[in-house]
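**Q** I have a structure here, written as structure tokens, and I will follow up with some questions on it.
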Amino acid sequence: MIKVGVIIGSTRPGRNGEAVARWVHDLAVKRGDADYALVDLETYALPHLDEPQPAGTGHYEHPHTKRWSQAIAALDAFVFVTPEYNRSTSGVLKTAIDFLYAEWADKAAGFVGYGLNGGTRAIEHLRQILATPGVAGVGPQVALSLRDDFEDFSRFRPGAHQEDAVGRMLDKLVPWARALRTVRS
């Protein structure tokens with residue numbers, strides 16, 4: 001079965017990303033079309049790029065990098081749940097991506113953004129970042145507005161139409177993940 005990691009792209013205190021990722025995960029699990037797992041960057045405590053070798057070499061020195069590598073290598077696809085900070089994704093998510101290279105290659109990604117404008121600019125930036133290690137981003141994405149999908153900008157209350165958006169994204173993600181699995185083998 002395809003393994004999809006729902007990556008919580010923020011470690012900020014009081015973050016909205018955990019509630020959003022749990023919602024996506026719960027919707028996804030009901031589908032029964034893949035094995036979905038939450039991947040919380042907070043549990044990996046990755047510092048700012050402390051590996052002496054570039055990620056492309058695959059030579060990792062630190063235990064936290066090896067643990068992160070194993071987690072990402074075991075997955076066939078990703079759903080990135082990202083906040084939008086200053087027209088981009090979070091620094092911690094960018095750092096987590098930069099720690100690895102081959103582990104991302106030839107895998108599929110879906111995107112769920114949140115912010116004042118639905119996190120769309122963060123998603124577009126993530127698509128550019130992930131293109132280099134060879135992650136294939138699917139077209140449908142989920143844009144959650146802090147004004148419309150959150151109460152007081154902090155309590156997650158997605159509009160009913162957002163469930164359909166998640167479904168459309170996963171409808172593309174899972175087949176792409178299956179197809180890219182054959183490329184990796």
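**Q** I'd like to know if the range 138-148 contains one or more residues that are modelled with pLDDT of 95 or more, farther than 24 Å from residue 22 by Cβ and of a type in the set (D, E, K, R).
**A** Checked the range 138-148: no residue is modelled with pLDDT of 95 or more, farther than 24 Å from residue 22 by Cβ and of a type in the set (D, E, K, R).
**Q** Among the residues of the range 1-42, which ones are more than 18 Å from residue 83 (Cβ to Cβ), in contact (Cβ under 8 Å) with a residue 12 or more places away in the chain and not in a loop (DSSP other than H, G, I, E, B)?
**A** Listed by number, the residues that qualify are 3, 4, 27, 28, 31, 35, 36, 37.
**Q** Within the group 19, 77, 105, which residue is surrounded by 17 or more Cβ atoms within 10 Å (Cβ to Cβ) and more than 13 Å from the chain's Cα centre (by Cα)?
**A** Going through 19, 77, 105 in turn, just one is surrounded by 17 or more Cβ atoms within 10 Å (Cβ to Cβ) and more than 13 Å from the chain's Cα centre (by Cα): 19.
**Q** Then there is this: Considering the range 123-167 alone, what residues qualify as being within 13 Å of residue 80 (Cα to Cα) and free of Cβ contacts under 8 Å to residues at least 12 places away in the same chain?
**A** Of everything in the range 123-167, just one residue is within 13 Å of residue 80 (Cα to Cα) and free of Cβ contacts under 8 Å to residues at least 12 places away in the same chain, namely 124.
**Q** crowded, with 23+ Cβ neighbours inside 10 Å, within 12 Å of the chain's Cα centre (by Cα) and not small (Gly, Ala, Ser) - does that describe any residue in the range 112-122?
**A** The answer is yes; a qualifying residue exists.
**Q** Output yes when any residue across the range 36-45 is modelled with pLDDT under 95, more than 15 Å from the chain's Cα centre (by Cα) and over 27 Å from residue 165 (Cβ atoms), and no when none is.
**A** yes
**Q** Oh, and also: Just to be sure, is residue 107 under 23 Å from residue 136 (Cα atoms) and basic (Lys, Arg)?
**A** yes
**Q** Further, regarding this structure: I'm checking my understanding of the structure. Among residues of the range 137-176 that are touching a Lys or Arg at 6+ places or on another chain (Cβ under 7 Å) and under 12 Å from residue 108 (Cα atoms), which one is surrounded by the fewest Cβ atoms within 10 Å (Cβ to Cβ)?
**A** So, considering only residues that are touching a Lys or Arg at 6+ places or on another chain (Cβ under 7 Å) and under 12 Å from residue 108 (Cα atoms), the one surrounded by the fewest Cβ atoms within 10 Å (Cβ to Cβ) is 139.
**Q** Hey, among the residues in the range 48-65 that are within 12 Å of residue 96 (Cα to Cα) and free of Cβ contacts under 8 Å to residues at least 40 places away in the same chain, which one's surrounded by the fewest Cβ atoms within 10 Å (Cβ to Cβ)?
**A** Among them, the one singled out is 50.
**Q** If you take the residues in the range 23-35 that are of a type outside the set (Val, Ile, Thr) and buried (at least 16 other Cβ atoms within 10 Å of the Cβ), which one is nearest to the chain's Cα centre (by Cα)?
**A** Among those that are of a type outside the set (Val, Ile, Thr) and buried (at least 16 other Cβ atoms within 10 Å of the Cβ), it is 25.
The values are calculated or read from the model by the stated rules, or taken from the named source; none is laboratory data. Model, not experiment: these values are computed from the prediction. Heads up, the Cβs are rebuilt from the backbone with ideal geometry, glycines too, and the neighbour counts pull from every protein chain shown.
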